[in-house]
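**Student:** Sharing a structure here in structure tokens format.
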Amino acid sequence: MVARELLAAPVEAVVANHCYGMFELAALHLAQQPPNLEAARTAIDAMGLVVEGLGARLGEHATTLEDGLTQVRLAWVKIAETGPAPDPRAEPAGGPA
């Protein structure tokens, strides 16, 4: 039954769904305290290989995926250069007031 549903779906949509999963995986690793840059980079690189490798063959999903890839790459660079944003739940350096 699942195989039948998968075969009935447009292949571009199925591949795009996997790319969204790689985007989410990268974002989750970037959001960790501290961020796991290597794991995020692997997910970003995998997404890039699919998105850039297939390009327009991804149909209506191509532009959205390219934009998402750019966004997650920029986030990786920003975090790698400056470090993660401080956790707003963390106590101040001097301890609780």
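The values are calculated or read from the model by the stated rules, or taken from the named source; none is laboratory data. Remember, it's a predicted structure, so these values are computed and weren't measured experimentally. All Cβ positions, even for glycine, are placed from backbone atoms using ideal geometry, and neighbour counts span all protein chains on display.
**Student:** Could you run through the range 35-56 and say how many residues are surrounded by 17 or more Cβ atoms within 10 Å (Cβ to Cβ) and assigned to a loop (DSSP other than H, G, I, E, B)?
**Tutor:** 1
**Student:** For GLY21, work out the one condition from (1) surrounded by 12 or more Cβ atoms within 10 Å (Cβ to Cβ); (2) in contact (Cβ under 8 Å) with a residue 12 or more places away in the chain; (3) closer than 26 Å to ILE79 by Cα; (4) of a type outside the set (Ser, Thr, Tyr) it doesn't fulfil.
**Tutor:** For GLY21, the exception is condition (2).
**Student:** Still on this structure, please answer the following. Are any of the residues in the range 17-34 modelled with pLDDT of 95 or more, under 14 Å from the mean Cα position of the chain (by Cα) and part of a loop (DSSP other than H, G, I, E, B)?
**Tutor:** For the range 17-34, residues modelled with pLDDT of 95 or more, under 14 Å from the mean Cα position of the chain (by Cα) and part of a loop (DSSP other than H, G, I, E, B): present.
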